[in-house]
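The values are calculated or read from the model by the stated rules, or taken from the named source; none is laboratory data. Note that the structure is predicted; figures quoted are calculated from it, not measured. No Cβ is skipped: glycine too gets one built from the backbone with ideal geometry, and neighbour counts run over all protein chains shown. All accessible areas refer to the heavy atoms of the entire protein, side chains included, with ligands and DNA or RNA removed. Shrake-Rupley method; radii C 1.70, N 1.55, O 1.52, S 1.80 Å.
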Amino acid sequence: MSDILKLAGIEIKSRLWVGTGKYRDFEETKKAIEASGAHVVTVAVRRVNITDRTKENLLDYIDPKKYVILPNTAGCYTVDDAVRTARLARAAGVSDWVKLEVIGDERTLLPDNEALLEAAKILVKEGFVVLPYTNDDPIMARKLEDIGCSAIMPLAAPIGSGLGIRNPYNIRILREGVSIPVIVDAGVGTASDAAIAMELGCDAVLMNTAIACAKNPVNMAHAMRMAVEAGRLAYMSGRIPKKLYASASSPVEGMIE
Amino acid sequence: MDIIITINGKTQNIKEGNTLMSLLKFLDINPGRVAVEYNKEIIDKGQYDSVRLKENDNLEIITFVGGGNV
């Protein structure tokens, strides 16, 4: 059975997408990403440290020929900042995709959806593949699809919280309401959370902290990979309905008397 | 003679006559790994050789770093 996720004409080889922040060093980043099996890898955009003479670059460890590099606008609080960051990211020449974040508040790191929609409109017009980070709000998701975003990236819980899927019903409604891919972004804490996201019918899960800040990031990356695969397969296999009462799985005929 | 320009928010003295490309080389920065905003305007990679730096220019040089959200 072919079950391949396609986005902007690219066949995505894994439904687990990963971030590159919070690792001890680039070597650990590389090992964890390899263990995760991820194909899409998100990176942040920051000023070059011109006094740092080591000149090590993340992309020396994450080969843009091997991975789909997904630059993000993490840390942007206004439309202007997010659009400027996205344009710079594209000018770096490895990707015209952007994980668009416009953050509303430092304490919650929740998205500012009004600004997000505005920034998304600008970037879609400029030909970016726009993947917006948004709330688990089905109406917002539809608006983002309508203006030409390539996928929706709803949060499961606040960024870095590890609280898991806080509102599975909203995620399901959101999933059913749009025809572009839905990628849960933020809030996953452990493997079962990732499996739940996939069982709800999401097309992929993006995570960073849950892997990078685990005691053993490489093993956790492996666990997440299996969870995402298991969750997807379970979703595609069609789970049984939930019932209040028991239903025997052995034949009722032929009992000894 | 030196000129004063701003790179990533810090003022720097550099030799007169530098292009953007020669500055990146001097700073030991791989042009393939960065993007440059020159006086608020993004410069295409192919143009690095033709941008000649002058007094009070403002450069933002960015690259990709580890990050997931925020």
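One table, with the values for the structure above:
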read-out: Long-range tail of P(r) for the protein assembly as shown (Cα pairs > 28 Å, %); value: 44
read-out: Whole-number percent relative contact order across segment A:142-226, with pairs defined as alpha carbons under 8 Å at least 6 apart; value: 28
read-out: Segment A:76-208 - percent of accessible surface contributed by carbon and sulfur, probe 1.4 Å; value: 46
read-out: Whole-angstrom gap from segment A:174-246 to chain B, using each part's C-alpha centre; value: 42
read-out: Segment A:167-257: equivalent-ellipsoid semi-axes (sqrt of 5 x gyration tensor eigenvalues, Cα, Å); value: 33, 19, 11
read-out: Full-stretch length increase - A:Asp96, A:Ile256 - with 0.36 nm per residue and alpha-carbon distance subtracted; value: 50.7 nm
read-out: Label-point gap, in nm, between A:Lys31 and A:Glu11 - each point 7 angstrom along Cα→Cβ; value: 3.2
read-out: Global geometry of segment A:1-104, whether rounded, prolate or oblate, following the gyration tensor of its Cα atoms and the 1.5 cut on a/c; value: oblate
read-out: Computed [θ] at 222 nm, deg cm²/dmol, chain B (DSSP H ≥ 4; -39,500 (n - 2.57); rounded to nearest 500); value: -2500 deg cm²/dmol
read-out: Across B:Lys25/B:Lys45; A:Lys13/A:Lys66; A:Lys65/A:Lys125; A:Lys6/A:Lys143, pairs whose alpha-carbon gap is larger than 18 Å; value: A:Lys65/A:Lys125; A:Lys6/A:Lys143
read-out: Net charge contributed by nearby residues that have their C-beta within less than 15 Å of A:Lys121 (K/R +1, D/E -1); value: -3
read-out: Paramagnetic reach from B:Lys15 in segment B:40-70 [backbone N under 15 Å; point 7 Å along Cα→Cβ]; value: B:53
read-out: Environment charge at A:Gly93 (Cβ cut-off 14 Å; Lys +1, Arg +1, Asp -1, Glu -1); value: +3
read-out: Principal axis box of segment A:103-257, alpha-carbon based, largest edge first, Å; value: 76, 38, 27
read-out: Cβ-derived FRET efficiency at R0 30 Å, A:Lys215 paired with A:Ile180, nearest 0.05; value: 0.25
